[in-house]
Every structure is written in structure tokens, then in C-alpha cells.
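Here's the structure we're looking at; comments come further down.
Readers should treat all values here as calculations from the given coordinates under stated rules, not as data from a laboratory. This one's a predicted model, so the numbers in the text were calculated from it and none came from an experiment. Positions of Cβ are backbone-derived with ideal geometry, glycine not excepted, and every protein chain shown enters the neighbour counts.
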């Protein structure tokens, strides 16, 4: 059964090759990395928790990205966010976001062409406390998800896949 599937994939690939169609089986998301950056690993309950987002092009080709990084909830439609955060509290339960807002269309200025090795980040850091309540002391695990759905409206073929960051752990102390 497996051999038959591989044979079919091979025949389809040969067909496109003979037609001169250039395609790749590698996903674009293998080229981009989404990072969550914090100034420190430990915060007191009253401290702001500033975060920065970075998209880095680790591939060989240039790619357009939306660097607005509008934060919404994972329950929001992709049109109403570019980033959502999963925050796991000390109890092991995921925190609910405080509020979410509709984004509206991003400005043309938010789209940038990332050449290989380049990165795009926030213009100014965001305070996570605007999005989540960090009431209990302990460790919090944070994962970011980037997913842009815009670009075609303004004639840009922008990156539109979903990328997860590596988990980052911070500690809240009294």
C-alpha cells in the first residue's frame, strides 16, 4: 500500500516536472521562526511583563510578512488577530484572555519583505498584563502563535501559514 502511494506521488511529480512547473514539497513555515522575547525570566506581581515578538526568515527566499502582530484570543477568527498567546498558569490550567478586539485591516506599512536572515519585530513591546491576569505566584508557560490572513487585499502575496513559538517559561514572585 505504501509503495503504491509513493509511486503515485512520484508519477505526479514527474508530470509536473515535465510540464516545467516549479513546486516544492517543503512548507514555507519551515523558513520562518516566530519568537517570544522577554527582558527577564522573573517578575514581581506588580511589575509589567513586557514581551516582544520577532519573525525571522531562516529560509533562502524573501517573504512578505505582516508585522502588526495584533494580539487576540485563539477563539477569535483569524481575521481578528495576527497573534494569540496560550498562557498556562501555575495550576496547569490555561488562562483566559481579559478582552479581545476586532483588528480591522492592517495598513500597507505593516507588510515588510523579509530577506533571508532578516527579522521583523514590534515597534514597541507589549505588556502581557493588558491581555492576561497574572495573579498567582509561580511558573507560567507561554506559547505564541502567529497567523496572518491579509495581504491579497492590497496586492501582496504575504505569508499566511500558522507558526508556533517555542514555549517560554517565566516566574511570578510576590
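In region 144-156, which residue that is surrounded by fewer than 18 Cβ atoms within 10 Å (Cβ to Cβ) and either within 23 Å of residue 92 (Cα to Cα) or free of Cβ contacts under 8 Å to residues at least 12 places away in the same chain (or both) is farthest from the chain's Cα centre (by Cα)?
Checked region 144-156; the qualifying residue farthest from the chain's Cα centre (by Cα) is 155.
Condition first: touching a helix residue (DSSP H, G or I) at 6+ places or on another chain (Cβ under 6 Å) and outside any loop (DSSP other than H, G, I, E, B). Now tell me which residues in region 66-113 satisfy that. Reasoning before the result, please.
Residues of region 66-113 that are touching a helix residue (DSSP H, G or I) at 6+ places or on another chain (Cβ under 6 Å), as a first pass: 66-68, 72, 102-103, 108.
Listed by number, the residues that qualify are 66, 72, 108.
Which one of 141, 126, 98 is surrounded by 16 or more Cβ atoms within 10 Å (Cβ to Cβ) and under 28 Å from residue 47 (Cα atoms)? Steps first, answer last, please.
On the way: 141 fails: surrounded by 16 or more Cβ atoms within 10 Å (Cβ to Cβ); 98 fails: surrounded by 16 or more Cβ atoms within 10 Å (Cβ to Cβ).
From the options 141, 126, 98, the qualifying one is 126.
Quick one: in region 116-129, which of the residues that are under 17 Å from residue 39 (Cα atoms) and not in a loop (DSSP other than H, G, I, E, B) is nearest to the chain's Cα centre (by Cα)?
Of the residues in region 116-129, the ones under 17 Å from residue 39 (Cα atoms) are 121-129.
Checking which are not in a loop (DSSP other than H, G, I, E, B) leaves us with 121, 126-129.
Details: 121: 11, 126: 15, 127: 17, 128: 16, 129: 19 Å.
Out of the qualifying residues, it is 121.
Does residue 55 satisfy the criteria of being surrounded by 15 or more Cβ atoms within 10 Å (Cβ to Cβ) and closer than 21 Å to residue 157 by Cβ?
Details: surrounded by 15 or more Cβ atoms within 10 Å (Cβ to Cβ): yes; closer than 21 Å to residue 157 by Cβ: yes.
Yes: the conditions hold for residue 55.
Quick one: which residue in 105, 159, 69, 111 is in contact (Cβ under 8 Å) with a residue 12 or more places away in the chain and surrounded by fewer than 19 Cβ atoms within 10 Å (Cβ to Cβ)?
Working: 159 fails: surrounded by fewer than 19 Cβ atoms within 10 Å (Cβ to Cβ); 69 fails: surrounded by fewer than 19 Cβ atoms within 10 Å (Cβ to Cβ); 111 fails: surrounded by fewer than 19 Cβ atoms within 10 Å (Cβ to Cβ).
Within the list 105, 159, 69, 111, the selection yields 105.
How about region 134-159: which of its residues are closer than 18 Å to residue 75 by Cα and out of contact with any strand residue (DSSP E or B) (no Cβ under 7 Å at 6 or more places or on another chain)?
149
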